[in-house]
Amino acid sequence: MMSKRAHPVVMFALAALLFAGGATGWLVSEGAISTSSIAAPITDSHSDPAPQRFETAEPQAGTPSALPGGASSLSETYKDWSVACVQQGNRKRCSLSQIQSRQDGQRVLAIEFNTPSGNSVSGTIALPFGLALDAGVSFQIDERPSLPPSRFRTCVPAGCLVTVSFEAPMISAMRSGTVLKVKATADGGAAAPFSVSLQGFGTALDRVAALSR
């Protein structure tokens, strides 16, 4: 059996895995957006509660806003998703992520999204070895039509990586959806499906956007 975890330090663990394998881009890029420009508000029956609000002083021109309470790092959980931020001098990095592990602790899947940019959000998904790399990976939300397959980017000791970039329509569907289905193919040709819970995704995405300002 697998467990879904919104791990409090998931961003740092996943970043370490990628850097150890020679890949870059796992840590989030800097930037801020208005969350209203990403997609429509959550309207489904599983809407997440509003995240905790913090009041902070307005930063001076050219100075990035600090994390709440002047902290150097922050970790929050929204249902099945984790939000993590790190403040390093004038740089602030935030992401939302989810890890799935078996009961024995072995990681099965990890997915992380960067701070949203414009009307899109990009990220990386790590899948286990033993998959047919040429077949790529396709994504489907609930019973909606599947997206065209995405190519594997590379494989590192932690697993095989797929870079994803979702535009506004896909983000809106993820906000109101229940499951993001990740469809891969095993090396022998059999279907190798994975499921990513979308419970908490909308709230976590909005929180990352707000913290990144």
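The values are calculated or read from the model by the stated rules, or taken from the named source; none is laboratory data. Remember, predicted model here, so these are calculated numbers, not experimental data. Virtual Cβ from ideal backbone geometry, glycine too; neighbours counted across all protein chains shown.
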Unmet criterion (only one of (1) in contact with a Ser or Thr (Cβ under 8 Å, 6 or more places away or on another chain); (2) surrounded by 21 or more Cβ atoms within 10 Å (Cβ to Cβ); (3) closer than 17 Å to residue 95 by Cα) for residue 180 = (3)
query = Has the stretch 100-109 got any residue that is among the aliphatic types (A, V, I, L, M) and surrounded by fewer than 18 Cβ atoms within 10 Å (Cβ to Cβ)?
reply = yes
request  = With the condition kept exactly as written, say whether any residue in the stretch 138-157 is farther than 22 Å from residue 198 by Cβ, outside any strand (DSSP E or B) and free of Cβ contacts under 8 Å to residues at least 40 places away in the same chain.
outcome  = yes
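Check the stretch 86-98 and report whether any residue there is among the hydrophobic types (A, V, I, L, M, F, W, C), modelled with pLDDT under 95 and more than 23 Å from residue 175 (Cα to Cα).
Checked the stretch 86-98: no residue is among the hydrophobic types (A, V, I, L, M, F, W, C), modelled with pLDDT under 95 and more than 23 Å from residue 175 (Cα to Cα).
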inquiry  = Tell me whether the stretch 192-213 contains one or more residues that are surrounded by 15 or more Cβ atoms within 10 Å (Cβ to Cβ), under 30 Å from residue 69 (Cβ atoms) and of a type in the set (Val, Ile, Thr).
reply    = yes
note = Exactly one of 117, 122 is farther than 26 Å from residue 193 by Cβ and either buried (at least 16 other Cβ atoms within 10 Å of the Cβ) or touching a helix residue (DSSP H, G or I) at 6+ places or on another chain (Cβ under 7 Å) (or both), and that one is 117
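Just checking, which of 177, 188, 159 is at positive phi and of a type outside the set (Val, Ile, Thr)? Spell out how you get there, then give the answer.
Numbers: 177 fails: at positive phi; 188 fails: at positive phi.
Residue meeting the stated conditions: 159.
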Any chance residue 165 is surrounded by fewer than 15 Cβ atoms within 10 Å (Cβ to Cβ), in contact with a Ser or Thr (Cβ under 7 Å, 6 or more places away or on another chain) and in a loop (DSSP other than H, G, I, E, B) = no
query = Quick check, is residue 98 in contact with a Lys or Arg (Cβ under 9 Å, 6 or more places away or on another chain) and in contact (Cβ under 8 Å) with a residue 60 or more places away in the chain?
reply = yes
